[in-house]
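Remarks on the structure that follows.
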Amino acid sequence: FQLFHPFLNCFGPNCCLPLYLLIFLQKKNVTLLDPEAKYALPLLSKEIVSHDTRRFRFKLPSEKHVLGLPIGQHIYLSAKVDGKLTVRPYTPISSDDDCGFVELMVKVYFKN
């Protein structure tokens, strides 16, 4: 068989398949392997989007890791707030193709 892609065809028929497999089928490291496990992800950055909304970027274990969350699914973020454990669900706003980080949009409720 032949692959009809200008980039691949310039290398000849003998290296097309190995090159295709090397470039396009590389297996990514998935972070969320166990849905019951808790994963500690360090905060990389926090961006103020509006007066009550923040975008948080968390670091995955390596630059080659993806979150591994199916589209439309959510994760639970837990943190201690005023000494109490708070747990809330969030759907990531970053793509599962993004390597090395995950982004969440969070509405912040301030005390009155």
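Do we find a residue being in contact with a strand residue (DSSP E or B) (Cβ under 9 Å, 6 or more places away or on another chain), surrounded by fewer than 13 Cβ atoms within 10 Å (Cβ to Cβ) and among the polar types (S, T, N, Q) anywhere in region 55-65? Yes, there is a match, as at least one residue in region 55-65 is in contact with a strand residue (DSSP E or B) (Cβ under 9 Å, 6 or more places away or on another chain), surrounded by fewer than 13 Cβ atoms within 10 Å (Cβ to Cβ) and among the polar types (S, T, N, Q). Of the strands (runs of 3 or more DSSP E) lying entirely inside region 69-112, those carrying at least 1 residues that are without any contact (Cβ under 8 Å) to a residue 60 or more places away in the chain, closer than 20 Å to Val30 by Cα and of a type in the set (Ser, Thr, Tyr) are 75-81, 84-90. Considering the conditions (1) at negative phi; (2) modelled with pLDDT under 85, Gly72 is excluded by exactly one of them, (1).
The values are calculated or read from the model by the stated rules, or taken from the named source; none is laboratory data. Since the structure is predicted, the reported quantities are computational estimates derived from the model, not experimental observations. When we count neighbours, we look across all protein chains shown, and the Cβ atoms used for this are built from the backbone with ideal geometry, even at glycine.
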